[in-house]
Amino acid sequence: MLNPRVVSVSDVARYLRNMMEDDPYLANLWVKGEVSNLRRPSSGHVYFTLKDEKAVLRVVMFRNQGILSPSYIVDGMRVILRGYVSLYERDGQYQLYAQEIRPDGMGELFVAFHRLKDQLADEGLFEQEQKRPIPILPARIGIVTSPTGAALRDILTILGRVKGFKIILIPVPVQGRHAPEEIARAIQLAGTESLVDILIVTRGGGSLEELWAYNAEEVVRAIRRSRVPVITAVGHETDTSLADMAADLRLPTPTAAAEFLVNKHNEAARRVQQLAARVALRLVQVLNASHYRLDWLEQRVISHVPFVLSMKRQQVANLAAKVAALSPLDTLARGYAVCRNADGLVIKDWTQVEQGQDVEVILFRGKLNCRVERSGPDG
């Protein structure tokens, strides 16, 4: 038996790629379909899936390629594009390399999206003035998402860095026919019962069809009726839903939502620590100043006591001299007397007494009991 010819995987991939690129049918063809799973990484290239009812085709459009800029392309949009089919050897995937792209009407979902968007915008549901402020330090965080999805695992991993968070999961289906009403009910439950301080409505990436629950009218209205602020983190950075437009804060991914809350918590904790340190420092400064003031007052009191006592003694002596000068005893000592009637009233005038009336004469030492024999004016 002859030894079989053995080739490498790379040889097979290269052969298939050359075969496709040499095929005149595949080298330059126009294809139409609906855009799905659109991605725009930082490289500037555009990746998406072109599909119809029976098949899908992976499409790559390199940066600055084609007649029309691909910036207007969105999921659900119907397009006609020109390019060539080749094999991407690393992944073993054939794909269409687009060189020109044109709009071919819009898919039903795309039309429905914009119709509802315009209606809700006219009602003011997306106005910035309607947005509620995000709490400075939320403690109870509600998460409306699938309990088995990667979005929940990513969020819990990051929120787990903070011990102060209380996580409340409200499980819902994130796609399918019943997803919109379940998501809306979960938002209403968390908001009206005040179970949480803030609510994260989230899921991982997907096609326009997979994310469609977050474009449902009941979900948008539930977000605006919520009594607590709502953060949305639906899909990838390039995905924007009507729920995102209605939310109080839209973040590009579930991971970004969790990191936002962790950073907000850390910043608030840092500010509290700074404030506590400033208060402590101020208290020390006030206490030191108070001690200094007390020491100063104590020294002043000690140094002023003799002076104050001396002044008070002099004041007392002066008052005593005044009192003594006014005292009737000093007057009596000089030979004067005070005459009073039987009622104890001082007699100042001769008309206050009558002949034969008893009076009392008070001397410097002792007193005299006298009777009036005569009275009259001076002389």
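The values are calculated or read from the model by the stated rules, or taken from the named source; none is laboratory data. Please read all numbers here as calculations on a predicted model, not as lab measurements. Using ideal geometry, Cβ is built from the backbone for each residue, glycine included, and neighbour counts are taken over all protein chains shown. Surface areas here come from the heavy atoms of the whole protein model, side chains and all, with no ligands, DNA or RNA. Shrake-Rupley method; radii C 1.70, N 1.55, O 1.52, S 1.80 Å.
Within segment 109-154, the GluC sites (Glu not before Pro) that combine a DSSP coil assignment with at most 16 other C-beta atoms in a 10 angstrom radius are Glu123, Glu127. For segment 6-146, the carbon plus sulfur part of the accessible surface works out to 53%, probe radius 1.4 Å. Farthest towards the positive end of the charge dipole of segment 192-309, among the residues Ala256, Val284, Val305, is the Cα of Val305, using unit charges on the Cβ of Lys, Arg, Asp and Glu. Where (i) 195; (ii) 416; (iii) 138 are the candidate values, the label of the one calculated here for volume of the Cα convex hull per residue in Å³ is (ii). Surface exposure of segment 1-155, expressed per residue as accessible area with a 1.4 Å probe, stands at 63 Å². Considering only Asn37, Asn341, Asn266, the mean-square fluctuation computed in a Gaussian network model of the chain, springs between alpha carbons under 10 angstrom, is largest for Asn341.
Taking the protein heavy atoms of segment 224-309 in the context of the full set of protein chains, the accessible area attributed to carbon and sulfur is 61 percent at 1.4 Å. Using the Karplus relation 6.51 cos²θ - 1.76 cosθ + 1.60 with θ = phi - 60°, the per-residue 3J(HN,Hα) values for segment 241-248 come to 9, 5, 4, 4, 5, 8, 5, 6 Hz, with x marking Gly and Pro.
Springs join every pair of Cα atoms under 10 Å in this Gaussian network model of the chain, and among Val219, Val162, Val262 the largest mean-square fluctuation is at Val162.
Electrostatic bookkeeping for Val60 treats Lys and Arg as +1 and Asp and Glu as -1; over the other residues with beta carbon under 15 Å from its beta carbon, the sum is +3. Our note on the geometry: Cα centres of segment 198-273 and segment 311-367, 102 Å apart.
Cross-link partners for Lys163 among the aspartates and glutamates, with Cα-Cα distance under 19 Å and sequence neighbours closer than 8 places in the same chain left out: Asp154, Asp197, Glu259, Glu267.
Taking amide H positions as modeled 1.01 Å from N, with prolines and chain starts lacking one, the residues under 5 Å from Leu29 and 5 or more places away or on another chain are Gly83.
Subtracting the Cα-Cα distance of Arg58 and Ala342 from their residue separation scaled by 0.36 nm leaves 88.5 nm. Exceedance of the 24 Å cut-off in Cα-Cα distance is limited, within the set Lys54/Lys117; Lys131/Lys264; Lys32/Lys54, to Lys54/Lys117. A Cβ-based charge dipole, computed about the Cα centre of segment 234-348 with Lys and Arg at +1 and Asp and Glu at -1, lands at about 1360 debye.
For Gly204, the amide hydrogen comes within under 5 Å of the amide hydrogens of Ala151, Gly235, counting only partners 5 or more places away or on other chains and with H modelled in the peptide plane. Taking Cβ atoms as reference points and 12 Å as the exclusive limit, the residues near Val372 contribute a net charge of -2, counting Lys and Arg as +1 and Asp and Glu as -1.
Grab the other residues whose beta carbon is less than 10 angstrom from that of Asp248, score K and R as +1, D and E as -1, and report the net. Cβ neighbours under 10 Å give a net charge of +4.
Taking amide H atoms as placed 1.01 Å from N in the peptide plane, the amide H of Ile231 lies under 5 Å from those of Leu199, Ile200, Val201, each 5 or more residues away in sequence or on another chain. When both bridge partners sit in the chain, DSSP labels roughly 65% of those beta bridges antiparallel. In this Cβ point-charge picture (+1 for Lys and Arg, -1 for Asp and Glu), segment 288-330 has a dipole of about 60 debye about its Cα centre. Where does helix 9-22 land angle-wise versus the long Cα axis of the chain, in degrees 0 to 90, nearest 10? So the inclination is approximately 70 degrees. Helix 150-159 and the longest principal axis of the C-alpha atoms of the chain enclose an angle of approximately 30°.
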